[in-house]
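First comes the structure, then the notes that go with it.
The values are calculated or read from the model by the stated rules, or taken from the named source; none is laboratory data. These figures come from a predicted structure and were not determined experimentally. Quick reminder, even Gly has a Cβ in these numbers, built from the backbone with ideal geometry, and neighbours come from all protein chains shown. Remember, those area values only see protein heavy atoms, side chains included, never the ligands or the DNA or RNA. Shrake-Rupley method; radii C 1.70, N 1.55, O 1.52, S 1.80 Å.
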Amino acid sequence: MITRLAAMSVRRGCLLGLAMCVLMMGVALVLQYVYGLTPCPLCIGQRIAVLLTALVFVVGAVHNPAGRIGRGVYAGLGALAAALGVAVAARHVWLQSLPSESVPSCGPGLDYMMEVLPLWGVISRVLSGSGECAEIHGLLLGMSIPQWTLVGFAVLLLIPLGMLAGIVIRRR
């Protein structure tokens with residue numbers, strides 16, 4: 001699979017990554033607006049990571065650089081954004097795996113924190129998690145939504161890694 005991604009043009013790789021981002025956001029929006037699941041702060045962080053990754057892929061697809069440097073820039077930024085999503089989703093999965101007595105207490109809402117705290121304080125509090133992030137709202141094939149999101153980000157990360165592999169393979 002990596003060799004196929006390595007052989008793709010930057011535009012095709014970016015469009016494939018963008019399609020994955022659209023799929024992930026589509027699922028998130030269906031869960032919120034069709035099934036009524038309100039996203040917790042970590043879910044919102046994961047959505048931001050998807051949107052950042054999508055932004056990198058959109059710009060990469062439009063620009064479509066022919067050289068190794070351009071390919072490396074878009075692949076590196078895409079990998080960084082997807083890795084951020086992996087980290088946030090992994091943190092969410094870890095919080096859900098804690099015993100109930102170890103779960104952090106529910107804090108103030110994200111809207112309130114954005115009004116009162118500086119941005120770094122909001123990021124710090126969101127990543128430390130809260131009780132609402134530890135709740136599991138149903139399982140699909142034995143996995144929670146954050147676990148599926150972690151799988152989605154791992155698959156998404158393969159695309160820019162494949163693009164980076166293209167730089168190494170073409171160098172030989």
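Things to note:
- Test: residue in the range 52-62 that is under 25 Å from Q96 (Cα atoms) and free of Cβ contacts under 8 Å to residues at least 60 places away in the same chain: yes
- If you go through the range 12-39 and keep only what is loosely packed, with under 15 Cβ neighbours inside 10 Å, assigned to a loop (DSSP other than H, G, I, E, B) and modelled with pLDDT under 90, you end up with Y35, G36, T38.
- Counting only helices (runs of 4 or more DSSP H) that fall entirely inside the range 59-172 and contain at least 2 residues that are open to solvent by less than 60 Å² (accessible area, probe 1.4 Å), at pLDDT below 80 and under 19 Å from I44 (Cβ atoms), the qualifying elements are 110-116, 119-128, 131-134.
- Residue list for the range 48-58, restricted to those being closer than 21 Å to S144 by Cβ and surrounded by fewer than 19 Cβ atoms within 10 Å (Cβ to Cβ): I48
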